Amino acid sequence: MTTDILVVGIGGQGVMTAAEAIARAALDAGLDATKTEVTGMSQRGGVVCSQIRIGECIEAAEVRPGRVRLVIAFEAAEGLRWSHYLAPDGRLLLDSWRAVP
């Protein structure tokens with residue numbers, strides 16, 4: 001079984017650091033883990049998304065919309081932007097803070 005996790009937010013919030021910590025914890029637990037980043041404009045205020053796959057044997061790094069078990073959103077609008085990635089039984093952990101441009 002594979003667990004897909006998406007960590008999203010804006011540049012400067014620690015999205016990639018959080019994803020790295022999750023992936024390393026999985027590796028330390030003896031699981032296989034992959035991590036990819038979609039940074040786009042990752043400067044402060046730009047969209048940042050990190051995809052993590054954890055399981056016994058991970059063959060592909062990219063997660064698919066509708067299959068993510070957990071979305072961790074450090075910013076409210078980014079949580080909404082990526083919510084279509086959630087599986088029907090997935091969970092969204094959302095910080096209600098909103099970045100105002």
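Would you please list the contacts, defined by Cβ atoms under 7 Å and residues six or more apart or on different chains, that run from a residue in the range 72-101 that is of a type in the set (Val, Ile, Thr) to a residue that is open to solvent by 90 Å² or more (accessible area, probe 1.4 Å)?
72/93
Looking at residue 50, is it surrounded by 15 or more Cβ atoms within 10 Å (Cβ to Cβ) and at pLDDT below 90?
On the way: surrounded by 15 or more Cβ atoms within 10 Å (Cβ to Cβ): yes; at pLDDT below 90: no.
Answer is no for this residue.
Does the range 55-72 include one or more residues that are open to solvent by less than 50 Å² (accessible area, probe 1.4 Å), under 13 Å from the mean Cα position of the chain (by Cα) and not aliphatic (A, V, I, L, M)?
No, the conditions are met nowhere in the range 55-72.
Return the total of residues in the range 1-18 being in a strand (DSSP E or B) and small (Gly, Ala, Ser). Talk me through it step by step, then tell me what you get.
Just the residues of the range 1-18 that are in a strand (DSSP E or B), to begin with: 2-11.
If we keep only those that are small (Gly, Ala, Ser) as well, we get 9, 11.
Residues that pass the stated criteria total 2.
Let me confirm something: among 31, 27, which residue is over 20 Å from residue 93 (Cβ atoms) and surrounded by 15 or more Cβ atoms within 10 Å (Cβ to Cβ)?
On the way: 27 fails: surrounded by 15 or more Cβ atoms within 10 Å (Cβ to Cβ).
Residue meeting the stated conditions: 31.
Among the numbered conditions (1) farther than 16 Å from residue 4 by Cβ; (2) open to solvent by less than 50 Å² (accessible area, probe 1.4 Å); (3) at pLDDT below 90, tell me where residue 75 comes up short.
(3)
Of all residues in the range 46-101, how many are of a type outside the set (Gly, Ala, Ser), under 19 Å from residue 14 (Cβ atoms) and not in a strand (DSSP E or B)? Steps first, please.
Here is the first cut: in the range 46-101, the ones of a type outside the set (Gly, Ala, Ser) are 47-49, 51-54, 56-59, 62-65, 67-72, 74-75, 78, 80-82, 84-86, 88-89, 91-95, 97-98, 100-101.
From what is left, the residues that are under 19 Å from residue 14 (Cβ atoms) are 47-49, 51-52, 70-72, 74-75, 78, 81-82, 92-95, 97-98.
Among the residues that remain, those that are also not in a strand (DSSP E or B) are: 74-75, 78, 81-82, 95, 97-98.
Summing the residues that are of a type outside the set (Gly, Ala, Ser), under 19 Å from residue 14 (Cβ atoms) and not in a strand (DSSP E or B) in the range 46-101 gives 8.
Which count do you get for residues in the range 1-42 that are among the small types (Gly, Ala, Ser) and within 12 Å of the chain's Cα centre (by Cα)?
6
The values are calculated or read from the model by the stated rules, or taken from the named source; none is laboratory data. These numbers come from a predicted model, not from an experiment. Note that we place each Cβ from the backbone using ideal geometry, even for glycine, and neighbour counts take in every protein chain shown. These accessible areas exclude ligands, DNA and RNA; they are computed on the full protein's heavy atoms, side chains included. Shrake-Rupley method; radii C 1.70, N 1.55, O 1.52, S 1.80 Å.
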